[in-house]
Amino acid sequence: MIEKQVKIRENQVEINYLQEGHGKNTLLFLHGWCINSAYWKDQIAQFSMNHQVYALDLPGFGKSTAKRENWTIEEYAKDVSAFIEQLDLENVVLIAHSMSGDIMLETALADNPQIKGIIGIDNFKFIDVEFTPEQREQMSAFFSLLQNDFKTNAPIYAENMLFHPSTKEEIKERVKSDFANANPKTGFDSFIHMMQFFQNVPFKLENLPLKLYLINSNVMPTNETGLENRCKNGFHVETIDSTGHYPMIEKSGEFNRKLENVLDLII
């Protein structure tokens, strides 16, 4: 596994990434909020035996940087598109965890002919779900806490919302440590923009030119009715039992088998 760097977008963005393997198809892994490309190491090890595999750090997270103050989903999608173009990647399957599902969606909407498939990991679960006033109030209160003390409250959010009772303590500590050590401005701003983007996701899904594939934990069920109403090119959901928000490290063996199943449907 080789760690490399590349400058994109007129040298305003430097992407740190992991790369291994060869093949006619390219798997491009995108990590979730406040974590990094290392969360995909088990997948890189397995899938690089048959495919060309890349896993990048999103700018502002891990070791990637960007000379900007704007951490929107749209800007991240431009980063991904520029990365694909700069490295001349072909036959790309985007595999995107959590927040990066939105980035994947926005990237796919640009109708890049090199993108042949998209796979979301534990995302798009609440399409057309109506949240109660109480839930909205709790979310608003959390935003204030996050803004005032990101380092303390981001790990609390992980502890309360992102794990399953079976999640191992070392995984919990890894995630909470990454949250606590993330850049507070990038972390907070990207979270707010993700929440804003969420309002438009149902309408964006209606224009998605590809079938949507998902591998989701069933701790919080996926609203498949919403997906059926919105995904004009169809969708497919694989479910993993008894895992939190990080199935790729919590149950990497089962996750890899399900990912292989989905890739067989795409490639």
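Only residues that are touching a Leu at 6+ places or on another chain (Cβ under 9 Å) and either crowded, with 17+ Cβ neighbours inside 10 Å or charged (D, E, K, R) (or both) were counted in region 154-171, giving 2. At pLDDT 95 or above, buried (at least 21 other Cβ atoms within 10 Å of the Cβ), not in a helix (DSSP H, G or I) and not charged (D, E, K, R): does that describe Tyr76? The answer is no for Tyr76. For Asn112, indicate whether it is free of Cβ contacts under 8 Å to residues at least 40 places away in the same chain, within 30 Å of Asn261 (Cα to Cα) and surrounded by 14 or more Cβ atoms within 10 Å (Cβ to Cβ). When the stated conditions are applied, Asn112 passes them. For region 79-91, taking the residues that are touching a Leu at 6+ places or on another chain (Cβ under 8 Å) and not β-branched (Val, Ile, Thr), the one that is surrounded by the fewest Cβ atoms within 10 Å (Cβ to Cβ) is identified as Leu89. All conditions but one from (1) over 21 Å from Gly23 (Cβ atoms); (2) assigned to a strand (DSSP E or B) apply to Val93; the one that does not is (1). When region 145-172 is examined, which residues are found to be assigned to a helix (DSSP H, G or I) and under 23 Å from Asp241 (Cβ atoms)? Result: Ala158, Glu159, Asn160, Met161, Glu169, Glu170, Ile171, Lys172.
Consider Glu69 carefully, then state whether it is at pLDDT below 95 and closer than 21 Å to Lys185 by Cα. So Glu69 passes the test. Consider region 8-66 and keep the residues that are within 20 Å of Gln114 (Cβ to Cβ) and of a type in the set (Gly, Ala, Ser). The one that is surrounded by the most Cβ atoms within 10 Å (Cβ to Cβ) is Ala55.
Note on region 115-131: residues that are part of a loop (DSSP other than H, G, I, E, B) and in contact (Cβ under 8 Å) with a residue 60 or more places away in the chain total 8.
The values are calculated or read from the model by the stated rules, or taken from the named source; none is laboratory data. Being a predicted model, the structure only gives us computed values, none of them experimental. Glycine gets a Cβ as well: all are built from the backbone with ideal geometry, and neighbour counts include every protein chain shown.
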